[in-house]
Amino acid sequence: VLSPDAGAILVGGVDPAQADAARFHRRCVIVSQEEMLPGETVAETLRYAREEATDAELREALRVACLDRDPATPIGPRGWAMSGGERQRLSLARAVIARPSLLILDEATSAVDLAKETAVHRALAKTLCACTLVVITHRTGSIGWVDRHLRLESGRLAEAL
């Protein structure tokens, strides 16, 4: 865990550096633009986040991620049978299955068109309403729904809305 140069970053009131690492990591999920997809099917990949997830939970997570796939769909090794945008949305569905307290999306929808990206972000915010959602993106057109917007330039806060 990296420490900030100044101030503090708390997750649920807890400093990550002081937290039990295993417990903290179960509560926090990061989805980046290039995710590794374990499993040979959609269901195997989703259940990697939570083995006991029901088929209904898998279908709901796929709906939230705007991914029209059956859980039994083969995806090939590391998801090679899917497009980049589909792989990203499957990673987002896996994050929904994990039920995190903190979800960080780091360019997690960069391969998705703007309309679908906006729909996915809004569905994630609605579904994970008890979760803190941090969206890191260069494409700001899809984040008009956020509570706070922070713009960084050269590693410094340039704007806070």
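Short-range pairs are left out: with C-alpha atoms under 8 Å and at least six residues apart, the relative contact order of the chain is 23 percent. Cα-Cα pairs above 21 Å in the stretch 69-161: how many percent? Tail fraction, whole percent: 37. A simple spin-label model places pseudo-atoms 7 Å from Cα toward Cβ; at S154 and A6 they are separated by 1.6 nm. Between A17 and A81, the modelled label-to-label distance comes to 4.6 nm, taking each label 7 Å out from Cα in the direction of the beta carbon.
Of all the options P16, P100, P38, the one that moves most in a Gaussian network model of the chain with Cα springs shorter than 10 angstrom is P16. Largest GNM mean-square fluctuation across V120, V64, V14, computed for the chain with C-alpha springs under 10 Å, falls on V14. The dipole here belongs to the stretch 8-127: it is taken about the Cα centre, uses +1 on the Cβ of Lys and Arg and -1 on the Cβ of Asp and Glu, and is about 260 debye.
Using a 1.4 Å probe on the protein chains only, how many percent of the accessible area of the chain belongs to carbon and sulfur?
Numbers: 5070 of 9730 Å².
Carbon and sulfur: 52 percent of the exposed surface of the chain.
Estimated at 0.36 nm per residue, the fully extended path between L114 and D68 surpasses their Cα-Cα distance by 14.8 nm. The residues of the chain present an accessible area of 60 Å² per residue when probed at 1.4 Å with all protein chains retained.
Compactness ratio of the chain: Cα Rg over 2.2 N^0.38 Å, N = residue count?
Values: Rg = 16.1 Å, N = 161, 2.2 N^0.38 = 15.2 Å.
Normalised Rg, Cα atoms only: 1.06.
The values are calculated or read from the model by the stated rules, or taken from the named source; none is laboratory data. For clarity, every value in this text was computed on a predicted model and none was experimentally measured. Note: ideal-geometry Cβ built from the backbone for every residue, glycine included; neighbour counts use all protein chains shown. Note: areas computed on protein heavy atoms with side chains; ligands, DNA, RNA excluded. Shrake-Rupley method; radii C 1.70, N 1.55, O 1.52, S 1.80 Å.
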